[in-house]
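Below is one structure, written out as structure tokens; the observations come after it.
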């Protein structure tokens, strides 16, 4: 896809790792448990492995079959699907950590909900919260990341004003965000 005349591809965010101190080994060297994360670029794999449930509950009306969106069976299936989507997000995002799960298998959605119990075998509840925060950070744009991107863009623009936006600029024309004087923008009353 092109934006501003330049070809772009999607990239995944990789935040700083979460480093948890685990004391010292028998030689007195510090031991650390390190979690790394990478944001998920798309959910194609998830959709293939765990398609959204279809609502098969409903009733017949004079105009035909009507789905029942409040069907308890459908709502239960939908809730399980949402839980599996979150579990997939955690498991997939933590792939750079090279976790060797005992029960969780990425290829089997029925195992994904075991991630929480397995994490709690190696971290406490507080630390688990930090791991989940890492997952959130990797998969969300927060104001800090946006500001960092803006600052980086403007620094590059100052260093090399040509072709940073991928668009050609005409001299004398104001650019986005630039104040326009009354002389350039005069109008008749």
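Here are a few things to note about the model shown:
- Sequence of 34, 123 once ranked by neighbouring C-beta atoms within 10 Å, starting from the fewest: 34, 123
- Going from the fewest other Cβ atoms within 10 Å to the most, the residues 104, 19 appear in the order 19, 104.
- Protection proxy ranking, highest mean first, for peptides 83-93, 45-55: 83-93, 45-55, where packing is the per-residue count of other beta-carbon atoms within 10 Å, averaged.
- Sequence of 152, 63 once ranked by neighbouring C-beta atoms within 10 Å, starting from the fewest: 63, 152
Bear in mind that the values in this text are calculations on the coordinates, not laboratory data. Keep in mind that what you see is a predicted model, and the values were worked out from it rather than measured. Ideal geometry is used to build each Cβ from the backbone, glycine not excepted, and the neighbour counts take in all protein chains shown.
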